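Readers should treat all values here as calculations from the given coordinates under stated rules, not as data from a laboratory. The shown structure was predicted, so the numbers you read here are calculated from the model rather than taken from an experiment. Cβ: placed from backbone, ideal geometry, glycine included. Neighbour counts: every protein chain shown.
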Amino acid sequence: MKEHDTHVTRAWVLHPDIKSDQDRRTPEPALAEAVALAAALPDLEVVGAEVVGLRNVQPGKLFGSGKIEELGARFKAEDVELVLVDGPVTPVQQRNLEKDWGVKLLDRTGLILEIFSDRAATREGVLQVEMAALSYQRTRLVRAWTHLERQRGGLGFVGGPGETQIEADRRAIDDQLVRLRRQLDKVVKTRDLHRKARAKVPFPIVALVGYTNAGKSTLFNRLTGAEVMAKDMLFATLDPTMRAVELDNGLEVILSDTVGFISDLPTELVAAFRATLEEVLAADVICHVRDISHEGSEEQAEDVRAILGSLGVPDSTPQLEIWNKIDRIAAEDRAALQARAARDDAIVTLSAVTGDGMGDFLDAVTRALEAEKHETEVALGFGEGRKRAWLFERGLVTDEAQDETGYRLKVAWSRKQEAQFARL
């Protein structure tokens, strides 16, 4: 992947705004996000960025010849070494544009992979990134451009010269993927053991989720005092971090900080990072942290909701919306937002930086956890002392009576605790 050296690479960011694409994003915020993505890579200086309007995509070179010439002249004048295209670029388009411009080119997937590679900290994160990168590279072999220099005649599209090299590369990648999958299985089994160990702990799990750069890690740090990396850059956190926290009312919870979501996340990465979001599935409360000062906050929120839906988060899991960064909003607008949030128990406004609204946040989490509880009567025989002890250890018993057959207990618990008890 990326080698770190002291050389600073001069980069230019392009966002192709394709008019024929019905699902295209609003170009200006999309370009701003792409620049922020680029800024997340070390040793990279973004010297220019622009939206390029396109009626249709040119199959061979993405852009029309006039635009390629115009951009090429700009890149030369600015000594640009790397062009980042915020969108998909086919292997053929990439090779042709690199040749025409004399620069290295990365598409959105390649850029996100570079960032993920740079940020992944745990063994699992590193393995997942490697697998995602290999899956991506494998697709780049389809048109065989990687080895054109070694080929004599024929482009390898339909066999002939060069095909052997492509097949060899593909086989090497497949072998590597199998090896990584085995390693990942071992790591996931270890995580499974950790998760099972945590399931025995009576603390509920509160998961922080949200669009990348929404301020989850800053909020996590404020709550836990943990030194989780929290910089104003995209993808600062790539591995779920968990800490036990005692809330002001004495309630103990496990707080989980997760990787930031992003729109149009490459399919290779959705698959590779699913495991890092597994903590969300186990959560008792999900806190969806939003950068409410961002002009695309609603679109970002929609993306997060869509990903949570695709992960299979149960409808029964309580969700809170945390409108973060209110310190960045003008006073009159802030008052309007706070009035809106006050009418909805599932919305909290706060600033993770200043600490404003933290009390309301903790109250909302406590309410969500309490609301999830329901009361049940449980009958246990005298020989079921372990089950009875389990209930008392977790403080779930509200009343107990005894008769000639055993114990009758009134229990206030969450559905998750009830399911854990059923498995004893």
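Based on the mean of other beta carbon atoms within 10 Å per residue, what is the order of 250-260, 172-182, most packed first? Could the numbers behind the result be given before it?
On the way: 250-260: 19.7, 172-182: 12.5.
Highest mean packing first, the order is 250-260, 172-182.
Taking amide H positions as placed 1.01 Å from N in the peptide plane, with prolines and chain starts having none, which residues 5 or more places from Leu320, or on another chain, fall under 5 Å of its amide H?
Ile286, Cys287, His288
Per q in 0.17 Å⁻¹, report the Debye log10 I(q)/I(0) for the stretch 9-117, using one uniform scatterer on each alpha carbon and no solvent.
With no solvent term, the Cα-only Debye profile gives -0.76.
Could you sort 358-364, 331-337 so that the peptide with the highest average Cβ count within 10 Å comes first and the rest follow in order? Numbers along the way, then the final one.
Details: 358-364: 17.7, 331-337: 11.7.
Highest mean packing first, the order is 358-364, 331-337.
Just list whichever of Lys67/Lys104; Lys19/Lys99; Lys76/Lys99; Lys19/Lys61 have alpha carbons separated by over 21 Å in the model shown. It would help to have the intermediate numbers written out before the result.
Numbers: Lys67/Lys104 18 Å; Lys19/Lys99 26 Å; Lys76/Lys99 13 Å; Lys19/Lys61 17 Å.
Exceeds cut-off: Lys19/Lys99.
Which whole-number percent gives the relative contact order of the stretch 1-50, counting Cα pairs below 8 Å spaced six or more residues apart?
54
Name the residues whose placed amide hydrogens come within less than 5 Å of the amide hydrogen of Val51, ignoring near sequence neighbours (fewer than 5 apart) on the same chain.
His15
Would you mind checking which residues have amide H under 5 Å from Asp356's amide H? H placed 1.01 Å from N; only 5 or more apart, or other chain.
Counting only residues 5 or more places away or on other chains, the set is Ser351.
Please tell me the relative contact order of the stretch 9-117 in percent, rounded to the nearest whole number, where contacts are Cα pairs under 8 Å and at least six residues apart. Before the final figure, lay out each step's value.
Working: 167 pairs, mean separation 36.8, N = 109.
About 34 percent, as a whole number.
What FRET efficiency comes out for the pair Asp345/Glu393, r = Cβ-Cβ distance, R0 = 22 Å, nearest 0.05? Walk me through the numbers on the way to the answer.
On the way: r = 31 Å, r/R0 = 1.39.
Efficiency, from the Cβ-Cβ distance: 0.10.
Using the Kirkwood radius over Cα pairs, work out the Stokes-Einstein diffusion coefficient for the stretch 374-422 at 20 °C and 1.002 mPa s, in µm²/s as a whole number. Numbers along the way, then the final one.
Working: Rh = 10.8 Å.
My calculation gives 198 µm²/s for D.
Mind listing the phi-derived Karplus ³J(HN,Hα) values for the stretch 405-422, rounded to whole Hz, using 6.51, -1.76 and 1.60 with θ = phi - 60°, and x for any glycine or proline?
After applying 6.51 cos²θ - 1.76 cosθ + 1.60, I find 8, x, 10, 10, 10, 8, 10, 10, 8, 8, 4, 5, 5, 5, 5, 4, 5, 5 Hz.
Do any trypsin sites (Lys or Arg not before Pro) in the stretch 46-96 lie in a DSSP loop with no more than 10 other beta carbon atoms within 10 Å, and if so, which?
Values: sites: Arg55, Lys61, Lys67, Arg74, Lys76, Arg95; in loops: Arg55, Lys61.
Listed in order of number, the matching sites are Arg55.
Can you return the aspartates and glutamates within cross-link range of Lys186? Criterion is Cα-Cα under 15 Å, with same-chain partners fewer than 8 residues away left out.
The qualifying aspartates and glutamates are Glu124.
How many nm separate the modelled label positions at Glu295 and Glu384, each set 7 Å beyond the Cα in the direction of the Cβ?
6.1
How much length would be gained if the chain were fully extended between Ala168 and Gln22, taking 0.36 nm per residue of separation minus their Cα-Cα distance, in nm to one decimal? Kindly include the intermediate steps, with their values, before the conclusion.
Numbers: separation 146, 0.36 × 146 = 52.56 nm, distance 3.91 nm.
The span from Ala168 to Gln22 would gain 48.6 nm if fully extended.
Taking the stretch 47-100, which GluC sites (Glu not before Pro) meet the DSSP loop condition and have no more than 15 other C-beta atoms within 10 Å? Mind dumping the intermediate values first?
Values: sites: Glu50, Glu69, Glu70, Glu78, Glu81, Glu98; in loops: Glu78, Glu81.
Taking the stretch 47-100 and a limit of 15 other Cβ atoms within 10 Å, the loop GluC sites (Glu not before Pro) found are Glu78.
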